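Heads up: the structure comes next, in structure tokens.
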Amino acid sequence: MTKEQILVIEDEKDILSMVRLRLESRGFDVFTAESGELALQWLADHKPDLILLDLMLPGMSGLEILKQIRTNQNIAQIPILIVSALGEESDVVVGLERGADDYLSKPFSMSILMARVNALLRRSKPEPEKKLNNEKKKEDSDDFIILGPLRIDIKRYHVFVENKSVALTSTEYRLLLTLIASRGRVLTRNQLIDEAIGNDSIVTDRTIDVHLTSLRSKLGSARNLIETVRGVGYRFQL
Ligand code: CA
């Protein structure tokens, strides 16, 4: 089996060497770049399995690098974990909206870094939709999604928690399906508005929070499957 390759874009040498050491000790092949320019040069003829991207860099910013990667067909699908310092929350939100898969705030522990890296790699193959399909097949029916205590009858728009029927509004239902389709990934409030509600209605961040609170309370024992990511958005985690 060939080693999985990770590109680490980071200008702080101490962090860079710690991260490299930890990733290499876990069997990853690590390439490092101290600027976006160097990273993009290397990406011209390499395709790593994952990219760790610091947001604050000399020269090209992390957000600009992210945009370049996501608009380059050859490398657009590579999972990206952004790393931010305190006070860069709004950049994190922009990053997630530009297609970063998850984020980590500095300072972070090496074990959390490894957990995020492994989760992203697991998710990138097979893709979330394929995973959902596999789970549906397990149940030997195309009409159900089953995740832990949750069972969703897609044809009848019906949700069950531990076999008890739960009555959701159509917005709550769409929010739930949107979160499940991106499970493991943080969705910002704006992404949830775009994907579950649509841009034509006037919806504020606060409205999304109200829908989510109501959805959660209806889910009862399955409520913890939807995680609040402070200052950023929500994530379905299972
Ligand atoms: Ca930095």
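The values are calculated or read from the model by the stated rules, or taken from the named source; none is laboratory data. In this text the structure is predicted, and so the values were computed from the model without any measurement. Methodologically, a virtual Cβ is constructed for each residue, glycine included, from the backbone with ideal geometry; neighbour enumeration extends over all protein chains shown. Accessible surface areas use protein heavy atoms only, side chains included; no ligands, DNA or RNA. Shrake-Rupley method; radii C 1.70, N 1.55, O 1.52, S 1.80 Å.
When Arg156, Arg183 are screened for being modelled with pLDDT of 70 or more and open to solvent by 30 Å² or more (accessible area, probe 1.4 Å), only Arg156 passes. Each residue in the stretch 79-95 was checked for being touching a helix residue (DSSP H, G or I) at 6+ places or on another chain (Cβ under 7 Å) and either among the aliphatic types (A, V, I, L, M) or part of a helix (DSSP H, G or I) (or both), and 6 pass.
Residues in the stretch 53-62 include none that are more than 14 Å from the ligand (Cβ to nearest atom) and either in a helix (DSSP H, G or I) or open to solvent by less than 70 Å² (accessible area, probe 1.4 Å) (or both). Within the bounds of the stretch 230-238, is there any residue that is within 15 Å of Ile145 (Cβ to Cβ) and outside any loop (DSSP other than H, G, I, E, B)? There is at least one residue in the stretch 230-238 that is within 15 Å of Ile145 (Cβ to Cβ) and outside any loop (DSSP other than H, G, I, E, B). Taking the listed residues Leu23, Leu16, the one that is within 16 Å of the ligand (Cβ to nearest atom), surrounded by 16 or more Cβ atoms within 10 Å (Cβ to Cβ) and outside any loop (DSSP other than H, G, I, E, B) is Leu16, with no other qualifying.
Taking first residues from the stretch 146-165 that are in a strand (DSSP E or B) and partners that are of a type in the set (S, T, N, Q) and surrounded by fewer than 14 Cβ atoms within 10 Å (Cβ to Cβ), the Cβ contacts under 9 Å between residues at least 6 apart in sequence or on separate chains come to Arg151/Asn163; His158/Ser165; Val159/Ser165; Val161/Ser221.
Just a yes or no: is a residue in the stretch 187-200 open to solvent by 70 Å² or more (accessible area, probe 1.4 Å) and either on the phi > 0 side of the Ramachandran plot or not in a helix (DSSP H, G or I) (or both)? Yes, because at least one residue in the stretch 187-200 is open to solvent by 70 Å² or more (accessible area, probe 1.4 Å) and either on the phi > 0 side of the Ramachandran plot or not in a helix (DSSP H, G or I) (or both).
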